[in-house]
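The values are calculated or read from the model by the stated rules, or taken from the named source; none is laboratory data. The shown structure was predicted, so the numbers you read here are calculated from the model rather than taken from an experiment. Quick reminder, even Gly has a Cβ in these numbers, built from the backbone with ideal geometry, and neighbours come from all protein chains shown. Surface accessibility is based on the protein's heavy atoms, side chains included, excluding ligands, DNA and RNA. Shrake-Rupley method; radii C 1.70, N 1.55, O 1.52, S 1.80 Å.
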Amino acid sequence: MQTNINLNIAMTYILIFNSVHRVMKAEKTLKLSQINFKTIPVPRKLSSDCGLAIKIVDTELEKIFLALKADPAEEIYLQEDDDSYRRVN
């Protein structure tokens, strides 16, 4: 994994999956890992085969990767201050 951000800084991330089933599986995994999240429609600036995404705020990216190691998101985006998105995986 290559990224230009500090993995230990908490920010807002949008996780994209390729199916509703995978979103539901990730929800269960994140709950068991005690990671707070919100299921949201995929932002218009991002595209996905699935209409749902997971938004995670104030959790380090490394913790998200570890929780979803067995079934990772296809794409993870960092939500920037100007409401743009930067892919981090």
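Some points to look at:
- When semi-axes √(5λ) of the Cα gyration tensor in Å is calculated for this entry, the matching label among (1) 17, 16, 12; (2) 21, 13, 12; (3) 27, 21, 12 is (1).
- Size of electric dipole in the chain: Cβ of Lys, Arg +1 and of Asp, Glu -1, about Cα centre, debye, nearest 20: 320
- Phi to ³J(HN,Hα) by Karplus 6.51 cos²θ - 1.76 cosθ + 1.60 over the range 67-73, Hz, x for Gly, Pro: 5, 9, 4, 6, 8, x, 5
- Surface per residue (accessible, 1.4 Å probe) for the chain, Å²: 63
- Only lysine pairs 8 or more places apart, or on different chains, with alpha-carbon atoms under 13 angstrom apart are counted in the chain, and they number 4.
- Dipole of the range 6-89 [Lys/Arg +1, Asp/Glu -1 at C-beta], most positive-end residue of Leu32, Leu15, Leu68: Leu32
- Along the range 42-56 the Karplus relation, 6.51 cos²θ - 1.76 cosθ + 1.60 evaluated at θ = phi - 60°, assigns HN-Hα couplings of 4, x, 4, 6, 10, 10, 7, 5, 9, x, 10, 9, 10, 9, 10 Hz to successive residues, with x for each Gly and Pro.
- Approximate spin-label separation Val20-Asp58, in nm, with each point projected 7 Å along Cα-to-Cβ: 3.1
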